1. Keeping all protein chains in place, calculate the accessible area per residue for the stretch 115-241 (probe 1.4 angstrom), answer in Å².
2. What does the net charge come to around residue 126 if you take all other residues with beta carbon closer than 15 Å to its beta carbon, with K and R at +1 and D and E at -1?
3. Strictly over 32 Å apart at the Cα level, which of 105/260; 204/268; 105/385; 4/82 would you flag in this model?
4. Amide H neighbours of residue 384 under 5 Å, counting only residues 5+ apart in sequence or on other chains, H built in-plane at 1.01 Å?
5. Taking 0.36 nm per residue of separation and subtracting the Cα-Cα distance, what length does fully extending residue 230 through residue 131 add?
6. Any aspartates and glutamates with Cα under 20 Å of the residue 49 Cα? List them, leaving off those in the same chain fewer than 8 positions away.
7. Taking R0 as 45 Å, what's the FRET efficiency between residue 48 and residue 320 from their Cβ-Cβ distance, rounded to 0.05?
8. Give me the extension gain from residue 356 to residue 332: residue separation times 0.36 nm, minus the current Cα-Cα distance, reported in nm with one decimal.
Amino acid sequence: MSVKDRASILPGGHTANAAYWMDDSNGVFMTSTYYMNELPVWVTSFNQKNHAQRYMSQNWNPLFPVETYIQSSADNNAYEGKFAGETATTFPHQTDKLRLSDIKKTPFGNSIVFNFAKEAIIEEKLGQGSVTDFLAISCSSPDYVGHMFGLNAIEIEDTYLRLDRDIADFLTYLDEKVGEGNYTLFLTADHGAAHNPQFMMDNKIPAGFFYASKLKDEVNTFLAKAFKSDKLLVRQVGENFIWLNHGATDSLKLDETLVKKEILKCLKSHTEIQYVVDMENVQNALLPKALKEMAINGYNTKRSGEILLLLQPGWFEAYATTGTTHGTWNPYDTHIPMLWYGWGIKSGATERKMHMTDISATIATLLHIQMPNGCIGECIGEVLK
Ligand SMILES: [Zn+2]
């Protein structure tokens, strides 16, 4: 469950009994006929209680006096985005004037999901049967708030202070309803995020906004000259890739190796691009070993583009000049927390590098079952009792 559709569906896998996410049109939880033809009665009655409206009518004020937010920049700055209709980026945010589904862009998006999870635990009798139940909760609001306000915003600090409270409250609930030591909990993230590039530049750290559509036009103009054709030979630039237009290269009977060579030539002058990799030839690319492995891990042979673009640290593909995004290999983007807690878990901490793909292998080991069929991770032995 999540306020975000994909954050709800993907963690559940193919055989989930249910997945719920927020309907953008009215701020209530919905599902798909993939799982069921009608919402369970408990979901409908949860939806009828107008939780989103109750949260949004409170407006978003910081939890503590604004001057105590010492991990953040000043509230009023040039790096933050605004909600629709706002003229300043500062608190309070009049959430009562927003659409109900905008709750996902506030810390209340986490609170409503935890409320929903509590209801599910009771109504679906989770933890009461003879078979282990799996409940995946995605707190997607830190992602939305981060995109809009960037990492150094008081809004982000406030979102995490509130999330911390929501998690504490949920753990207390689990202890009461399922029983202390009767459940295993893991907590992780799907990514980090970059600082706003303008904020970095203003603090003397090289960074910048990369505009994929501009690069696409430039490469296509370069190729048009090289191959003396006005057919657009590059279909798309984005998500760190360049996709060739196979229809165009076929109709011109062009050798795509030559097209890729020309693209590499065109990109030589782009100092914001650190590495350009022809993925067909990734094993021979002059790329640090760690990056090569990540490039291969992130490559889908059916869907990815032919050429991988790795930007300089601090750069990312921009959709706005305020706020931030994610999707790069850099530590700020890929270094994520991993916490384990409860039944079967040994207390301790480690700095050893491990991966999110190790989580399912560890859970399978705890449950004495086979790993999922596509699992490439390894069991994290240190966390097991
Ligand atoms: Zn995101």
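1. Details: 6750 Å² over 127 residues.
With all protein chains present, the stretch 115-241 gives 53 Å² per residue.
2. -3
3. Working: 105/260 41 Å; 204/268 25 Å; 105/385 39 Å; 4/82 20 Å.
Distance filter (> 32 Å) returns 105/260; 105/385.
4. Those qualifying (amide H under 5 Å, at least 5 residues apart or on another chain) are 346.
5. Here the answer is 29.4 nm.
6. 23, 24, 38, 96, 102, 119, 123, 124, 166
7. Numbers: r = 36 Å, r/R0 = 0.80.
In this case the efficiency is close to 0.80.
8. Residue separation times 0.36 nm, minus the Cα-Cα distance, leaves 7.1 nm.
The values are calculated or read from the model by the stated rules, or taken from the named source; none is laboratory data. Remember, predicted model here, so these are calculated numbers, not experimental data. Ideal geometry is used to build each Cβ from the backbone, glycine not excepted, and the neighbour counts take in all protein chains shown. Accessible surface is based on the protein model in full, side chains and every heavy atom, while ligands, DNA and RNA are left aside. Shrake-Rupley method; radii C 1.70, N 1.55, O 1.52, S 1.80 Å.
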